[in-house]
1. Can you tell which of His247, His276 is in a helix (DSSP H, G or I) and either among the polar types (S, T, N, Q) or modelled with pLDDT under 95 (or both)?
2. Looking at this structure, is Leu150 away from ligand 1 (no atom under 16 Å from the Cβ) and either of a type in the set (Gly, Ala, Ser) or on the phi < 0 side of the Ramachandran plot (or both)?
3. Is it the case that some residue within the range 58-67 is exposed (fewer than 12 other Cβ atoms within 10 Å of the Cβ) and over 30 Å from the mean Cα position of the chain (by Cα)?
4. Quick one: how many residues across the range 89-102 are among the hydrophobic types (A, V, I, L, M, F, W, C) and either under 28 Å from the mean Cα position of the chain (by Cα) or loosely packed, with under 13 Cβ neighbours inside 10 Å (or both)?
5. Taking the condition of being in a helix (DSSP H, G or I) and aromatic (Phe, Trp, Tyr), how many residues in the range 18-63 meet it?
6. Filter the range 108-119 for residues that are at pLDDT 90 or above and surrounded by fewer than 19 Cβ atoms within 10 Å (Cβ to Cβ); which is nearest to ligand 2 (Cβ to nearest atom)?
7. Give me the pairs: first residue in the range 112-123 and touching a residue at least 12 places away in the same chain (Cβ under 8 Å), second residue more than 9 Å from ligand 1 (Cβ to nearest atom) and aliphatic (A, V, I, L, M), beta-carbon distance under 6 Å, and six or more apart or on different chains, which are they?
8. Are there helices (runs of 4 or more DSSP H) fully within the range 159-237 with at least 3 residues that are touching a helix residue (DSSP H, G or I) at 6+ places or on another chain (Cβ under 8 Å)? List them.
Amino acid sequence: MEFWREYRPRTSTDSLAMGITMTALPIGYLHAILWVTPALYPLDERYSEEDLISHQKWRIAHWLSMTYLFVSIVADIYLVLTTDSTCKSLTLPDIPQSGWAHCPYCNHPAPPRTHHCRTCKKCVLRRDHHCFFIGRCIGYFNHKYFLLLLLHAMTASFYGIVMSYKLLVFLNGGFSLALLGTAVFPILLWMLQIVPVHPILLIATGCAMLFTVMCGGLLAMHGWNLYNGQTYWESQQKLPQTRGLLHNIVDLMGTRWWLIILCPLLSSPQPGDGMHYSSYKSKKPVSTRNQDSVNNKTARKMAKEL
Ligand SMILES: [Zn+2]
Ligand SMILES: [Zn+2]
């Protein structure tokens, strides 16, 4: 009950988007393990003993891979939700320090790169955006789990496309150009009996396509921002923030960033506290005076935004 009160969606948009996420995820997983995999590797008397052993092995291999991706995605969502990036538990100084702003909503000093979220009603450290699919703000400490979520969800959706097409070709008795149209017009192709297979399989293939494109596009955008060391808002405002590629990755993803890609539940401590940042590293050499001027401009824009 306490968990629900803390992490429940705050707006109707959040409720709708979270509802889609929380429904599509288990349905997609169950569809893949209970229907697609057994249909693709049948265990009936039409097959020789050798084929049956091979089908059984492939079933187990796919079930394990699918379960691994499903558990990783659930862990990513849980960690995005429960990892606090807000200023709520921080002890902030009474007087703003140099480069800090003041949040008029929370009535406390706001560290650099902090923004107030009007949905969460809290100040968020290095705020990137409010994700309505999870109903949570993405900030300094949970951004890494959000990136992992996009990566794992895109991998799982692409896996879904490969498996669905494999099954469509298998049920269709071979490849045909009409099969390619299933991503865009699944119901129409089924109604016209152009692809004579179950409509749920066609819809699932279309959904897998949609999720792959959506997660892939978001991952590319966030990957580019990570390369530049920027949040979404900073990239829109063209505020330079990079401290060097490796520094950007370690600062956001933690020191064991390569390990949490394989298992998000492992720890990958971030070196910063979300409140203090070193000066950005220009790709071109700049004088100290110009550097100060850029830092002051950044602070002014942030204060204005708050
Ligand atoms: Zn605030
Ligand atoms: Zn928010």
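The values are calculated or read from the model by the stated rules, or taken from the named source; none is laboratory data. Quantities reported herein were computed from a predicted structural model and do not represent experimental measurements. Cβ sites come from the backbone with ideal geometry, for glycine too, and all protein chains shown count toward neighbours.
1. Exactly one residue qualifies, and that residue is His247.
2. Values: away from ligand 1 (no atom under 16 Å from the Cβ): yes; either of a type in the set (Gly, Ala, Ser) or on the phi < 0 side of the Ramachandran plot (or both): yes.
Yes, satisfied.
3. no
4. Residues meeting the conditions: 2.
5. Step one: filter the range 18-63 for residues in a helix (DSSP H, G or I), giving 18-40, 49-63.
Cutting the leftovers down to aromatic (Phe, Trp, Tyr) gives us 29, 35, 58, 63.
The qualifying residues number 4.
6. Filtering first and then ranking leaves Thr119.
7. Thr114/Leu125
8. Numbers: elements: 177-180, 186-191, 199-228, 232-236.
It comes to 186-191, 199-228, 232-236.
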